[in-house]
Amino acid sequence: MSASPRECSIREEGDDHAMMKYPAAVLVLAALASPVWLLRAQAPEAESRSVWDGVYTEDQAKRGETIYRKECAACHGAMLTGGESAPPLTGGPFLANWNGLTMGDLFDRIRKTMPQTNPGRLTRQQDADILAFMLSVNKFPAGKTELYRQSEMLKEIRFESAKPGPKK
């Protein structure tokens, strides 16, 4: 539904009245919006990453396996299939549980709650290495750079249980 010419002129007059009544506010809003708009226009679109983009290295996964065997296998099982009191870290239920979240979410869960007997005892590097091992066991591809140790950076990597289709 389109507005009549009279309604448009009333709106315009009202808009002009607001601009004239609050000129400082209009200028402040324009000043605040301009830099944001310019930055968005200049910034390249951030490329979205997922676990399918090779976010860990094979060496990191090997280090993670050693730490996992020592710190995690007693509860989560030698093959990451879970135990009496610990959930599996591989397979359908694990993938479904984390699908759509981020690597930062999973990293924070490990960092804050594991090992169960002394949560938070492991270093960020050890946690990242264990996470790399978990990704390798779940058949996500390795890459050329190690998995980050910072939650903020890991939150930019999506955990997708199914491999996405080819990019266009």
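The values are calculated or read from the model by the stated rules, or taken from the named source; none is laboratory data. Everything quoted here is computed from the prediction, not taken from an experiment. Here the Cβ is made from the backbone with ideal geometry for all residues, glycine too, and neighbour counts use every protein chain on show. Ligands, DNA and RNA are excluded from the accessible area calculation, which covers all protein heavy atoms including side chains. Shrake-Rupley method; radii C 1.70, N 1.55, O 1.52, S 1.80 Å.
Worth pointing out:
- The residues of the range 111-168 that are under 19 Å from D53 (Cβ atoms), exposed (fewer than 12 other Cβ atoms within 10 Å of the Cβ), charged (D, E, K, R) and at pLDDT 95 or above, listed by number, are K139, K144, E152.
- Within the range 67-80, the set of residues being part of a loop (DSSP other than H, G, I, E, B) and surrounded by fewer than 15 Cβ atoms within 10 Å (Cβ to Cβ) comprises A78, M79.
- Filter result for R40 (basic (K, R), loosely packed, with under 14 Cβ neighbours inside 10 Å, under 28 Å from Q150 (Cβ atoms) and at pLDDT 95 or above): no
- Taken together, G64, G83, G54 contain a single residue that is modelled with pLDDT under 95, open to solvent by less than 50 Å² (accessible area, probe 1.4 Å) and out of contact with any strand residue (DSSP E or B) (no Cβ under 8 Å at 6 or more places or on another chain), which is G83.
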